[in-house]
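**Student:** Below: one structure in structure tokens.
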Amino acid sequence: MKVFTETEERELIDAAKQDPSRFGELYERHFERVYAYVSRRVGERGAAEDVTSEVFHHALANLSKFEWRGAPFGAWLMRIAANALADRWRRLSREHGTESGECASPEPNPEEIEVRAQLFRLVETLPEDQRRVLQLRFAHEKSVREIAQELGKTEGAVKQLQFRGLAALRAEVSKQTPRKSGEAHG
């Protein structure tokens, strides 16, 4: 993923303000982080997709109001996401007659959000068969048997693809994550 400088991002935002079709570039740059943040808070894939969509729709609709105030564009998106989640919890609490705080999950750690976004990117780099198995297994929460039937493979083959995919992700994450001093190797 390309890392943008503040100047490049400002130029991209200005371009999107002039031509909303350019917003797609901002969406591509920030989708993973926003989705990781939202999915951690709601837990359910469909709801996470809905809220993430709502965040970007709101951002596009209000892009003309965005101003640089020392915080990056991504922080503005996270604030929109937090507000969208709060609105969702309030709506759910009214529907279920619960106290407003009961639906809320704890504030996720920014490092955890980044790790989830990194994993999301890394899964996309896996070979097609491993990527498909991991997506079906973890994103769609299908059983090994269901995946085997869907892909026309044996359950053993699906387990092997899952094992290889997870091993590849672990290896890549360990290469990219510096160890803290004193941390045990394992």
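The values are calculated or read from the model by the stated rules, or taken from the named source; none is laboratory data. Being a predicted model, the structure only gives us computed values, none of them experimental. In this analysis, Cβ positions are derived from the backbone assuming ideal geometry, glycine residues included, and neighbour counts consider all displayed protein chains.
**Student:** Pairs please, first residue from the stretch 56-71 and in contact (Cβ under 8 Å) with a residue 40 or more places away in the chain, second anywhere and loosely packed, with under 12 Cβ neighbours inside 10 Å, Cβ atoms under 9 Å, 6+ apart in sequence or on different chains.
**Tutor:** Listed pairs, sorted by first residue: Trp68/Glu6.
**Student:** Find all pairs meeting these conditions: Cβ atoms under 6 angstrom apart; at least six residues apart or on different chains; first residue within the stretch 75-95 and within 13 Å of His30 (Cα to Cα); second residue surrounded by fewer than 16 Cβ atoms within 10 Å (Cβ to Cβ) and not hydrophobic (A, V, I, L, M, F, W, C).
**Tutor:** Ile80/His58
**Student:** Consider only pairs whose beta carbons are under 9 Å apart and that are at least six residues apart or on different chains; among these, list those whose first residue lies in the stretch 22-39 and is more than 13 Å from Phe73 (Cα to Cα) and in the same structural domain as Ala86 (by TED's automatic domain parsing) and whose second residue is in a helix (DSSP H, G or I) and of a type in the set (S, T, N, Q).
**Tutor:** Every condition considered, the pairs that remain are Glu32/Gln118; Tyr35/Thr52; Ala36/Gln118; Tyr37/Thr52; Val38/Thr52; Ser39/Thr52.
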